[in-house]
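See below for the structure under consideration.
The values are calculated or read from the model by the stated rules, or taken from the named source; none is laboratory data. All of these numbers come straight from a predicted model, not from anything done at the bench. Neighbour counts run over all protein chains shown; Cβ positions are idealised from the backbone, glycine included.
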Amino acid sequence: MYLSLTTTMALSKKDVEHIALLARLGLTEAEKEKFASQLSSILDYFEQLKEVNTNGVEPTAQVTGLENVLRDDVVESYDAETMKKLVDLAPEHEDNLVKTKSVF
Amino acid sequence: MNLNELTIKEANEGLKKKDFSSLELTKACLAQIKKTDDKIKSFITVTSDLALQQAKASDKVGDFSDPLTGIPLAVKDCFCTKDVKTTGGSKILQNYIPPYSATTIEKLEAKKSVMLGKVNLDEFTMGSSTENSGFFPTHNPWDLSRVPGGSSGGSASAVCANQTLFALGTDTGGSIREPASFCGITGLKVTYGRVSRYGVMSYASSFDTIGPLTKTVEDAAMVLNALAGADAKDSTTPPVAVPDYTANLSKDIKGMKIGVPKEYFVAGMDPQVEKTIKQAIAKFEDLGAKVSEVSLPLTKYAIATYYILVKSEASANLARYDGVRYGYSAKAETLLDNYLQSRAQGFGPEVKRSIMMGTYTLSAGYYDAYYLKAAKVRTLIKQDFEKVLSQVDCLMTPVAPTVAFKLGEKVDDPLTMYLADIFTISMNIAGVPALSIPCGFVKPKDGKTEMPVGLQIIGKQFAEGTILQIGHNFQKASDWHKRQPIIEE
């Protein structure tokens, strides 16, 4: 219908590896090849937006016109049982704290 | 007639008259799930004990003045339900038990509705067929070799197969309307912000909406009455008054103006579907409405605009699944490897593709060309809708270009799959409400069973009452919504 599947925006395997690292997403070699080709054809399809004149048009991220919705900066307290359940959800936890590997 | 086949309205009348109890109604639904769900696969989790307990509690109070009291429902598995496993259809959350419930779930608990369980979906709601579920695909009750649509496929199949009286779903680009159309039921996508998203897993935060899948438009109005309204926990819910959505349903639609956007009748559409939609629109003329052709000239850019913005937002939302705070962890040696491996092992192909796509379009050097450009085109598409909807009371289009397709037919081709949403995504770009109702059946070339076709009725922002009134008038004058599937043994 609206799609053309000719590919001109070819993404290289190196591009895919770079994006995957930014996204902290491990990929197999097969996935890298599959995504390079699939993402290339999708990006190519996106090129058509260049046909739309958007000079002087403001971007929209909020469709009902709400702006700067604020609430009072007040701490909401939870019962001990809920707090324990939240910490228990962490794959590793110790002394009511979430445990993780060192950053450096 | 079995109790599980009732509408909400009929069941409420029976409960009020003490013809039957909520416990009997709930048991009828659980029996239907037991009888049919090994074939249909709507449910990820059936909460039988909880349902029986909630049903007994509503019978004990015995006050059925609220139409949802004692009424069983199924919940899409991306709504957090306190102490009940909530997977989002993803292996990364396959053992996740949230310690709190979504606002919508709390609202229905306050009405003493009865939760039957959690139903299947495309992983994190990304898909149009429910084949992207991390666990198993769901089957269309009309023809088990076909998809139920998606991503709220389990919600739609459960209502269609009378496993429940109604279901909750989410709609980011058609995820309530397309499965409602494919299963021959009623589905409502609300105005962005009409219903709180608190406690529902995010896909694309500026597009996601929550709404009901029901057997009739009247039932959808009743459920919306319970769900709508501002929520302090969701800052995107505006303080717009909530009317009684059932109040004007029966008013006639004489003189109402219906716009038919010409861009929604294009080459490539199934001619039988097109004919069915046109016949349905003609029916509204019989009911006294005035039909005219209108134009939404930017329609052809909707898919690109939608996928750039939605996948960008999705890639940011999915960053929270880090293998540290909750969900699956690969327990690798270093922090980086733990991120890489937890996400590699926990996410399925469409979610990975979304993360890759969104990360690319948001990355340095490409942000202006993709995300910002699409956000500007979004403004223009929204203006297109505002302009046309200032001239007519509603728009009518098909929900999908075809009836439900076969399982496996499109699963390996993301671009073709994205086309299943071609007629539904623009409403999420513009934030306007849209209703899907069954308006006829056609026999596909590759099948023996007649499959349902859905008509889409689109309104102005916060004009849910108007599109529900128009849809109800159609259902008063037709029987398509009463047709029942014969589920293969």
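Before moving on, here are some points about what is shown:
- The residues on offer are A:E17, A:E31, and the sole one that is modelled with pLDDT of 90 or more, more than 10 Å from every other protein chain (Cβ to nearest Cβ) and part of a helix (DSSP H, G or I) is A:E17.
- Test: residue in region B:397-404 that is more than 9 Å from chain A (Cβ to nearest Cβ) and either within 19 Å of A:Q62 (Cα to Cα) or of a type in the set (D, E, K, R) (or both): no
- Within region B:190-213, the set of residues being assigned to a strand (DSSP E or B) and more than 13 Å from chain A (Cβ to nearest Cβ) comprises B:V200, B:I210, B:G211, B:P212, B:L213.
- Flag for B:M269 being more than 16 Å from B:G471 (Cβ to Cβ) and either in contact with a Pro (Cβ under 6 Å, 6 or more places away or on another chain) or of a type outside the set (K, R) (or both): yes
- Flag not set for B:S250, criterion: modelled with pLDDT of 95 or more, more than 21 Å from B:F423 (Cβ to Cβ), in a helix (DSSP H, G or I) and among the polar types (S, T, N, Q).
- Any hit, region A:45-54, residues being over 22 Å from B:L318 (Cα atoms), more than 10 Å from every other protein chain (Cβ to nearest Cβ) and not in a loop (DSSP other than H, G, I, E, B): no
- Tabulated pairs, region B:308-335, first more than 8 Å from every other protein chain (Cβ to nearest Cβ) and closer than 13 Å to A:L89 by Cβ, second surrounded by 21 or more Cβ atoms within 10 Å (Cβ to Cβ) and among the charged types (D, E, K, R), C-beta under 8 angstrom, 6+ apart or interchain: B:Y321/B:R343
- Condition check for A:V57: surrounded by 14 or more Cβ atoms within 10 Å (Cβ to Cβ) and either at pLDDT 95 or above or more than 7 Å from chain B (Cβ to nearest Cβ) (or both): yes
- The number of residues in region B:358-381 being facing another protein chain (nearest Cβ under 7 Å) and within 24 Å of A:K34 (Cβ to Cβ) comes to 4.
- Residues located in region B:253-279, provided they are part of a loop (DSSP other than H, G, I, E, B), of a type in the set (A, V, I, L, M, F, W, C) and within 21 Å of B:I458 (Cβ to Cβ): B:I253, B:M256, B:F265, B:V266, B:M269
- Any hit, region B:306-327, residues being over 30 Å from B:M357 (Cα atoms) and in a loop (DSSP other than H, G, I, E, B): no
- Test result for A:V103, surrounded by 10 or more Cβ atoms within 10 Å (Cβ to Cβ) and within 8 Å of chain B (Cβ to nearest Cβ): no
- A count restricted to region B:348-357 and to residues that are closer than 14 Å to B:S312 by Cβ and either more than 9 Å from chain A (Cβ to nearest Cβ) or more than 23 Å from the chain's Cα centre (by Cα) (or both) stands at 3.
- Every residue from region B:43-90 that is within 14 Å of chain A (Cβ to nearest Cβ) and either free of Cβ contacts under 8 Å to residues at least 12 places away in the same chain or surrounded by fewer than 21 Cβ atoms within 10 Å (Cβ to Cβ) (or both): B:K82, B:D83, B:V84, B:K85
- Hey, B:V260 closer than 22 Å to B:V388 by Cβ, surrounded by fewer than 17 Cβ atoms within 10 Å (Cβ to Cβ), among the aliphatic types (A, V, I, L, M) and in contact (Cβ under 8 Å) with a residue 40 or more places away in the chain or not: no
- Test result for A:V87, surrounded by 14 or more Cβ atoms within 10 Å (Cβ to Cβ) and either without any contact (Cβ under 8 Å) to a residue 60 or more places away in the chain or facing chain B (nearest Cβ under 8 Å) (or both): yes
- Sole residue being part of a helix (DSSP H, G or I), of a type in the set (S, T, N, Q) and modelled with pLDDT of 95 or more, chosen from B:Q475, B:Q484, B:Q456: B:Q475
- With respect to the stated conditions, B:D412 is surrounded by fewer than 18 Cβ atoms within 10 Å (Cβ to Cβ) and closer than 29 Å to A:Q38 by Cβ.
- Of the residues making up region B:457-480, one or more are in contact with a His (Cβ under 8 Å, 6 or more places away or on another chain) and of a type in the set (S, T, N, Q).
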